[in-house]
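The next block holds one structure in the form of structure tokens; read it before the comments.
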Amino acid sequence: MENKTTRSLYMIPYVIWIAFFVIAPILLVLYYSFQDLNGDFSLTNYQNFFTPIYLEMTLSSFWYAFLITLVTLLFAYPTAYLLTKLKHKQLWLLLIIVPSWINLLLKAYAFLGIFGTYGMANKLLEAVGIGSRQLLFTDFSFVFVAVYIFIPFMILPIFNSLDKLNPTYLDAANDLGASRWTTFRRIVFPLTIDGVKAGCQITFIPALSLFMLTRLIAGSQVITLGTAIEQQFLVTQDWGMGSTIAVFLIIFMFIVMFATGTKRRRARG
Amino acid sequence: MDKRISPLSRIFLIVMFALLYLPIFYLIFYSFNSGGTMYGFENFTLDWYRELFQNTRLLIIVLNTVVIALLSALISTIIGVLGAMMINKVRSRRAKDSLLSLNNILIVSPDVIIGASFLILFTIAGLKLGFYSVLLSHIAFSIPIVVLMVLPKISEMSPSLLDAARDLGASRWEVMTKVVIPYITPGIFAGFFMALTYSLDDFAVTFFVTGNGFTTLSVEIYSLARRGISLDINALSTIIFLITMVIVVIYYLITNRTKKAPDMEVFK
């Protein structure tokens with residue numbers, strides 16, 4: 001018996017980690033969500049969440065997350081598809097991943113310059129005759145930068161599922177007289193839907209909770225669940241309300257994960 | 001590029017690649033601008049680099065960031081390897097799955113939630129926000145990824161390998177250090193590098209749990225960027241870009257040397 005206990009000693013750090021950094025934080029967030037500003041048990045936070053202000057914010061957060069995911073998918077799918085046709089596709093894929101290794105803050109900071117009043121984007125707009133305009137602190141720039149951040153994480157799973165696709169299916173479809181569009185719609189897309197789901201999951205959940213990008217790029221134009229949580233915790237110091245929003249964000253996260261299958265991934269941001 | 005794709009597709013790909021790299025090279029380009037802005041390139045200058053290396057405050061922050069990254073990667077790798085061994089020992093399918101689900105919670109959780117909940121945790125525990133709270137958080141969110149990197153290596157290891165070692169008279173310690181550890185080394189390296197990049201890249205969690213006295217690079221860039229543009233940051237990003245490239249190359253050399261590395265699992 002003695003021997004068995006000493007044999008299990010190695011488990012201690014990992015078990016402590018699970019107890020203190022996985023289970024305890026969730027319980028604490030749940031506990032705080034039931035506390036009002038005086039530290040008493042109450043349901044006020046939940047009542048507040050169902051007022052128009054918070055519901056509208058949740059809706060707009062979902063809308064932006066949806067928009068970001070959709071635009072990311074629209075650009076990521078063709079890119080992934082074309083990448084699989086290239087000769088040194090793994091190398092090209094690596095080149096897609098590399099920008100995602102650069103610190104997120106630096107990329108956001110770069111866009112402050114690019115979208116600035118005299119930045120490159122405005123120079124380009126002037127050159128094509130549209131004329132310069134306010135780009136920074138608009139929802140357009142927010143969606144653009146968010147898509148930029150997430151696109152490598154969307155391309156990867158789609159690329160992997162496209163890469164695994166058996167090419168004989170395509171030959172068969174071709175032989176049976178299917179047009180290229182029919183082949184794509186009836187064969188390629190359904191067979192790579194898992195990659196698409198994984199990519200959407202990896203994009204949608206972080207997009208719901210972005211707060212740094214929102215603050216830097218969108219200014220006060222966009223409020224997401226992430227900015228609301230940050231606001232409540234670090235500015236207003238109302239941990240109860242912040243925890244309540246966090247609880248809902250966790251619930252939404254599980255719904256999204258359930259809707260997009262059980263595979264789990266993570267994107268930075 | 002290949003002949004199998006149409007010219008239009010080729011243009012699309014070129015535009016995508018150009019867009020992906022544009023912000024990075026934009027930053028690097030203007031780090032040499034004597035004008036002091038991220039528009040209207042005036043003259044080539046290295047002043048911003050000189051200024052950067054004289055900015056002791058920023059250099060200390062860089063040092064903090066590196067120390068946190070190395071320490072957290074090291075400690076989380078050790079705990080993660082132990083965790084992977086523990087999960088591997090679990091026989092019942094259901095217990096294993098629930099352990100893995102617990103393990104993955106911090107991987108799927110949005111950073112804001114990790115940050116906020118850790119802030120509550122540290123405040124309740126009475127830990128002063130600063131170096132240790134940041135270090136503990138980084139260790140905590142890096143452990144699960146190490147486990148995911150190491151676990152496939154451990155579970156693919158044939159039990160007969162261990163039996164053979166024991167038959168030949170190896171002690172438990174020798175089995176561990178001479179057989180198990182060398183076998184799973186690629187996984188350990190992959191985990192260590194992932195933990196390193198997670199830590200270096202993190203902003204949101206650190207933002208929540210760092211107090212007034214302690215800052216990492218991401219948090220510092222955030223507060224600088226909110227105040228406007230300063231080309232020191234550009235100079236710094238050039239250096240960070242170069243270092244990142246070196247790390248990427250090392251990482252891929254190490255993982256590709258061992259052929260199918262478990263690192264790609266994360267992306268699949």
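Considering only residues that are farther than 21 Å from B:S218 by Cβ and surrounded by fewer than 14 Cβ atoms within 10 Å (Cβ to Cβ), which ones fall in the stretch B:27-67? Across the stretch B:27-67, the qualifying residues are B:S34, B:G35, B:G40, B:F41, B:E42, B:N43, B:F44, B:L46, B:R50, B:Q54.
Sort through A:F184, A:F233 and tell me the only one that's aromatic (F, W, Y), over 12 Å from the mean Cα position of the chain (by Cα) and over 28 Å from A:I53 (Cβ atoms). Even if it seems obvious, please write down each step before you answer.
Numbers: A:F233 fails: over 28 Å from A:I53 (Cβ atoms).
Testing whether each residue is aromatic (F, W, Y), over 12 Å from the mean Cα position of the chain (by Cα) and over 28 Å from A:I53 (Cβ atoms) leaves just A:F184.
Of the candidates A:I245, A:I155, A:I229, A:I202, the single residue that is crowded, with 24+ Cβ neighbours inside 10 Å, of a type in the set (A, V, I, L, M, F, W, C), part of a helix (DSSP H, G or I) and in contact with a Ser or Thr (Cβ under 6 Å, 6 or more places away or on another chain) is A:I155.
Could you tell me whether any residue of the stretch A:19-32 is under 29 Å from the mean Cα position of the chain (by Cα) and away from every other protein chain (no Cβ under 11 Å)? Reasoning before the result, please.
Going through the stretch A:19-32, the residues under 29 Å from the mean Cα position of the chain (by Cα) turn out to be A:19-32.
From the residues that got through so far, the ones that are away from every other protein chain (no Cβ under 11 Å) too are none.
No, the stretch A:19-32 contains no residue that is under 29 Å from the mean Cα position of the chain (by Cα) and away from every other protein chain (no Cβ under 11 Å).
How many residues are more than 10 Å from chain A (Cβ to nearest Cβ) and under 14 Å from the mean Cα position of the chain (by Cα) if we restrict to the stretch B:227-245? Qualifying residue count for the region: 1. All conditions in (1) among the β-branched types (V, I, T); (2) at the interface with chain B (Cβ under 8 Å from one of its Cβ atoms); (3) surrounded by fewer than 17 Cβ atoms within 10 Å (Cβ to Cβ) hold for A:I53, with the sole exception of (2). Kindly indicate whether any position in the stretch B:45-53 is part of a helix (DSSP H, G or I) and either β-branched (V, I, T) or in contact with a His (Cβ under 7 Å, 6 or more places away or on another chain) (or both). Looking for residues that are part of a helix (DSSP H, G or I) and either β-branched (V, I, T) or in contact with a His (Cβ under 7 Å, 6 or more places away or on another chain) (or both), one finds none in the stretch B:45-53, hence no.
Residues of the stretch B:1-57 being among the small types (G, A, S) and in contact (Cβ under 8 Å) with a residue 24 or more places away in the chain, which ones? Walk me through how you get there before you give the answer.
So in the stretch B:1-57, the residues among the small types (G, A, S) come out as B:6, B:9, B:18, B:31, B:34-36, B:40.
Result: B:S31, B:G36.
Considering only residues that are more than 13 Å from every other protein chain (Cβ to nearest Cβ) and assigned to a helix (DSSP H, G or I), look in the stretch A:158-169 and name the one that is farthest from the chain's Cα centre (by Cα). Can you show your working first?
Step one: filter the stretch A:158-169 for residues more than 13 Å from every other protein chain (Cβ to nearest Cβ), giving A:165-166, A:168-169.
When the remaining residues are screened for being assigned to a helix (DSSP H, G or I), the result is A:168-169.
On the way: A:T168: 34, A:Y169: 32 Å.
For the stretch A:158-169, the residue satisfying everything is A:T168.
Determine whether A:L82 is of a type in the set (A, V, I, L, M), within 14 Å of another protein chain (Cβ to nearest Cβ) and without any contact (Cβ under 8 Å) to a residue 24 or more places away in the chain. Step through it out loud before you land on a result.
Working: of a type in the set (A, V, I, L, M): yes; within 14 Å of another protein chain (Cβ to nearest Cβ): yes; without any contact (Cβ under 8 Å) to a residue 24 or more places away in the chain: yes.
So A:L82 fits the description; yes.
When you look at B:I5, is it closer than 18 Å to A:W92 by Cβ, within 12 Å of another protein chain (Cβ to nearest Cβ) and either in contact with a Cys (Cβ under 8 Å, 6 or more places away or on another chain) or assigned to a helix (DSSP H, G or I) (or both), yes or no?
Numbers: closer than 18 Å to A:W92 by Cβ: yes; within 12 Å of another protein chain (Cβ to nearest Cβ): yes; either in contact with a Cys (Cβ under 8 Å, 6 or more places away or on another chain) or assigned to a helix (DSSP H, G or I) (or both): no.
When the stated conditions are applied, B:I5 does not pass them.
Once the stretch A:113-123 is narrowed to residues that are surrounded by fewer than 21 Cβ atoms within 10 Å (Cβ to Cβ) and part of a helix (DSSP H, G or I), the residue that is farthest from the other protein chains (Cβ to nearest Cβ) is A:A121. Of all the numbered requirements in (1) without any contact (Cβ under 8 Å) to a residue 24 or more places away in the chain; (2) surrounded by 14 or more Cβ atoms within 10 Å (Cβ to Cβ), A:L43 misses one, and that requirement is (2). For the stretch A:123-145, filtering for residues that are without any contact (Cβ under 8 Å) to a residue 12 or more places away in the chain, of a type in the set (A, V, I, L, M) and touching a helix residue (DSSP H, G or I) at 6+ places or on another chain (Cβ under 7 Å) leaves 0. Number of residues in the stretch B:85-128 that are more than 8 Å from chain A (Cβ to nearest Cβ) and of a type in the set (S, T, N, Q) equals 5.
Each row is one residue, and each column tells you yes or no for (1) more than 22 Å from A:Y148 (Cα to Cα); (2) exposed (fewer than 14 other Cβ atoms within 10 Å of the Cβ); (3) more than 14 Å from chain B (Cβ to nearest Cβ).
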position: A:D175; (1), (2), (3): yes, yes, yes
position: A:S179; (1), (2), (3): yes, yes, yes
position: A:R185; (1), (2), (3): yes, yes, yes
position: A:V196; (1), (2), (3): no, no, no
position: A:L234; (1), (2), (3): yes, no, no
position: A:F258; (1), (2), (3): yes, yes, no
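When the stretch B:124-139 is filtered for residues that are surrounded by fewer than 24 Cβ atoms within 10 Å (Cβ to Cβ) and either within 15 Å of B:F207 (Cα to Cα) or basic (K, R) (or both), the ones remaining, listed by number, are B:K128, B:L129, B:G130, B:F131, B:Y132, B:S133, B:L135, B:L136. When the test is whether a residue is within 11 Å of another protein chain (Cβ to nearest Cβ), small (G, A, S) and within 21 Å of the chain's Cα centre (by Cα), B:S72 does not pass it. Here B:L27, B:L82 are screened, and the one residue that is under 24 Å from A:V98 (Cα atoms) and within 11 Å of chain A (Cβ to nearest Cβ) is B:L27. Checked against the criteria, B:S199 does not count as touching a helix residue (DSSP H, G or I) at 6+ places or on another chain (Cβ under 6 Å), within 7 Å of another protein chain (Cβ to nearest Cβ) and at pLDDT 80 or above. With respect to (1) in a loop (DSSP other than H, G, I, E, B); (2) of a type in the set (A, V, I, L, M); (3) at pLDDT 90 or above, the lone exception for A:I223 is condition (3). Counting just the residues of the stretch A:124-145 that are in a helix (DSSP H, G or I) and out of contact with any Ser or Thr (no Cβ under 8 Å at 6 or more places or on another chain), which one comes out surrounded by the fewest Cβ atoms within 10 Å (Cβ to Cβ)? Across the stretch A:124-145, the extreme among qualifying residues is A:A127. The condition of being part of a helix (DSSP H, G or I), over 30 Å from A:H88 (Cβ atoms) and in contact with a Pro (Cβ under 8 Å, 6 or more places away or on another chain) holds for only one of B:L82, B:L20, that being B:L82.
The values are calculated or read from the model by the stated rules, or taken from the named source; none is laboratory data. Nothing here was measured: the structure is a model prediction, and the numbers come from that model. Cβ: placed from backbone, ideal geometry, glycine included. Neighbour counts: every protein chain shown.
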